[in-house]
Amino acid sequence: MTSYNKAEITFKSPFRTKNQTVLAEWIDYNGHMNVAYYTLAFDKALDFFFEDVLDIGPSFVKKNKEGPFALKASYNYFSELLEGECFFVDISILDFDSKRVHLFGEMRNEKSLELSAVFETVLMNMDLRARKVKQYPDRVLDLFSLFKSSLVQGNIPIEIGKKISLKK
């Protein structure tokens, strides 16, 4: 994925990340993208969002010795992605406090716009030296606020926040 020009960025939810392509090594014995690679693709989209949009990605972590740790993640799958298909992830911030952020992503086929998967996660900012949770910088909290305030409640997938169970 290539970097955005900062002038191109609109700080609102959802934020569309750059396209990714399903690689041959991501295909499982069913002939479609393996669930482990959905997780990888969502993680790559998050890394991009953190690095190029929020400025708290890998280079921030290296410089400041603090960064996001996952507390929880949940995935829902709807349609398969096949080798060579392009897709993107729309990321939205649902909620946050001074040390944690709750966000979700929607993975869509770039051509058909069909929803392939949804994920949600709660991350906390970790001081890597002390190995303790730490407040996000104020500028990041301001960005979280912009993204959260722009989220249209009616656009949140129904799977977000749901417990896992069998329908009865």
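The values are calculated or read from the model by the stated rules, or taken from the named source; none is laboratory data. These numbers come from a predicted model, not from an experiment. Cβ placement follows ideal geometry from the backbone for every residue including glycine, while neighbour counts extend to all protein chains displayed.
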Looking at Phe11 and the list (1) part of a loop (DSSP other than H, G, I, E, B); (2) aromatic (Phe, Trp, Tyr); (3) modelled with pLDDT of 95 or more, which single condition is not satisfied? (3)
Can you confirm whether segment 129-148 contains a residue that is in a loop (DSSP other than H, G, I, E, B), in contact with a strand residue (DSSP E or B) (Cβ under 6 Å, 6 or more places away or on another chain), more than 19 Å from Val53 (Cβ to Cβ) and among the charged types (D, E, K, R)? yes
Can you say whether Asp127 is more than 26 Å from Tyr37 (Cβ to Cβ), touching a residue at least 60 places away in the same chain (Cβ under 8 Å) and acidic (Asp, Glu), as far as the supplied structure shows? yes
Given the condition touching an Asp or Glu at 6+ places or on another chain (Cβ under 9 Å), without any contact (Cβ under 8 Å) to a residue 12 or more places away in the chain, loosely packed, with under 14 Cβ neighbours inside 10 Å and in a helix (DSSP H, G or I), answer yes or no: does some residue in segment 25-39 qualify? yes
Top-ranked residue of segment 70-89 - restricted to ones that are in a strand (DSSP E or B) and touching a residue at least 60 places away in the same chain (Cβ under 8 Å), ranked as surrounded by the fewest Cβ atoms within 10 Å (Cβ to Cβ): Cys86
Taking segment 90-111 and the residues there that are acidic (Asp, Glu) and touching a residue at least 40 places away in the same chain (Cβ under 8 Å), the one that is surrounded by the most Cβ atoms within 10 Å (Cβ to Cβ) would be Glu106
Could you please let me know if Ser116 is in a strand (DSSP E or B), modelled with pLDDT of 95 or more and of a type in the set (Ser, Thr, Tyr)? yes
